[in-house]
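Notes for the one structure printed next.
All of the numbers you see were taken from the coordinates with simple rules; none came from a lab. Owing to the predicted nature of the structure, the values given are computational and were not obtained by experimental measurement. Here the Cβ is made from the backbone with ideal geometry for all residues, glycine too, and neighbour counts use every protein chain on show.
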Amino acid sequence: MAVMLPAAKVPGAYLGRERMAANGAHSLYRLLADARFAFLYRGTFHESLAPELIVLGEAAAEQAGHGKAHRQRLAFIMVEAFQNITRHRSEADDADCFFGLRATAVGEDVLAVNPVRAEEVAPLEQAIARLNSTGAGSLKSMFLSRLRDGGHSAKGGAGLGLIEMARRSGNGIRHRVQALGPGHAQFALHVPLGDPIDGAFEECLEIHRTARADHVIIGLRCGGSLLAQDAALRVLDRELAGDATVLHRAKRAMLAAFSWLKATGLMPGSLILVGGGPRDRWVEICWSPSGNAVEEIGDRVRAVCGLSPFELDRRYRLAVRGASDAVHPDEGLIELARIGTEPMSYSRAPAGACDSLRVTL
């Protein structure tokens, strides 16, 4: 078992470049400790993903028992923040785009990060400052006025999307700018719903930095929501469409992970990640067992990691047939081991904060 050291925070900048000393999944799990639902995305960003975002937003809101009005507000803000990236990102070296939803017991945080041209920064900041100093009634009037103008914004003005995000949030819009190089900057937009949490923006920025450092493409914590699982799989379809073999393995791995986490009772707090580059894709699951399950589940994972391909196939056949009650609960775990192109990598965070299991595709 590989034991990793905790990640050190990088003072000042949030846009990390270095590979962290710690297991990235452990760090993300820690950052999402208070999240009942989370979706992270660092893919190719295409507007066709809007339906999946709506499903994810509704699943997050429904899980908390929110009514239709709140679900619609969250879904709108998610889609608008996502489209703000697809429509306004610029090409720049050392830049990436990121979208994140973190839902806690008191509200939701939506984060969108993308590169912009340097000359666009000042007008954006002026527009956000104006929106944040405008009351709800005036925001509605501003929106209707801009709608009559065709939705276009003059220099220093706010577009329809920004106006509506500010109005529907009710908490204002936060932003952060970081220089990238000649002519470009990284622009981060944070839209909170519900009761804002002190330091939430900084935590969301660290989530982005950590996801980037570990090359995460998709991250999901959904408490077992089948709608959210299906939406994440459809996002994966779009993301890995160019490599049918890896896509097939990735979907099998996610389904096997869902199955095993549900069978072991670990689904509610688990985190599932898909990441890597074109030649080293992986799926990683992270969970936090409690009580007697800590060592029991760890022993079961280690035992499966040590099986030969022949024994994995034999155990899987037994599990599928239900021939052995001792094997059946780990059918999904055995399937994960069979999917990987290399032996699974299992690690435990310091002080047992969480365990993780990575499958190379």
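With a Förster radius of 51 Å applied to the C-beta separation of Asp96 and Gln72, the computed FRET efficiency comes to 0.95.
In terms of the mean number of neighbouring beta-carbon atoms within 10 Å, the peptides 97-108, 175-186, 57-68 order highest first as 97-108, 57-68, 175-186.
Computed from point charges on the beta carbon alone (+1 for Lys and Arg, -1 for Asp and Glu), the dipole magnitude for region 272-361 about its Cα centre is near 240 Debye.
For Ala303 and Ala129 in the same chain, what is the full-extension length gain: residue separation times 0.36 nm, less their Cα-Cα distance, in nm? Stretched out fully, the Ala303 to Ala129 stretch lengthens by 57.0 nm. On full extension, the segment bounded by His248 and His215 gains 9.9 nm, given 0.36 nm per residue less the C-alpha separation. Relative protection proxy for 39-47, 194-202, 342-350, from highest mean packing down: 39-47, 342-350, 194-202 (other beta-carbon atoms within 10 angstrom). From least to most packed, judged by other beta carbons within 10 angstrom and beginning with the fewest, Trp260, Trp282 follow the order Trp282, Trp260. Based on Cα contacts under 8 Å between residues 6+ apart, region 226-347 shows a relative contact order of 25 percent. Residues Leu49, Leu226 in ascending order of nearby Cβ atoms (within 10 Å, fewest first): Leu226, Leu49. Annotation: extensible slack from Ala179 through Arg317 equals 44.2 nm (criterion: 0.36 nm per residue apart, minus Cα-Cα distance).
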